[in-house]
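The values are calculated or read from the model by the stated rules, or taken from the named source; none is laboratory data. Just so it is clear, the model here is predicted, and its values are computed rather than measured. No Cβ is skipped: glycine too gets one built from the backbone with ideal geometry, and neighbour counts run over all protein chains shown.
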């Protein structure tokens, strides 16, 4: 896992940050279509993908889900980063 993380994110992150992420992160393997975070969840972490994709959704005023974007290896979720920095509840769903 560590080598995969460095290979995917190494060009974008400083070595010290990579070490800190690897030292404090939890590695998870999820089955397809699993829900990673749901609306109203407090953010406890930021996803860094090594494979697969995460679908990012948001609900409109009528309660209908709207697709925002996919997160793929080498990317992370801007909404999750924003919520985690402010300690807000999640306004999106990650699946």
Checklist entry - Among the residues of the stretch 29-46, is there at least one that is part of a strand (DSSP E or B), over 13 Å from the mean Cα position of the chain (by Cα) and at pLDDT 80 or above? => result no
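For the stretch 47-60, enumerate the residues that are in a loop (DSSP other than H, G, I, E, B), touching a strand residue (DSSP E or B) at 6+ places or on another chain (Cβ under 8 Å) and closer than 24 Å to residue 7 by Cβ.
Listed by number, the residues that qualify are 47, 49, 53.
Could you check the stretch 73-87 and list, in sequence order, the residues that are assigned to a loop (DSSP other than H, G, I, E, B) and touching a strand residue (DSSP E or B) at 6+ places or on another chain (Cβ under 8 Å)?
Listed by number, the residues that qualify are 77, 87.
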Checklist entry - Of 82, 91, which residue is at pLDDT below 90 and in contact with a helix residue (DSSP H, G or I) (Cβ under 8 Å, 6 or more places away or on another chain)? => result 91
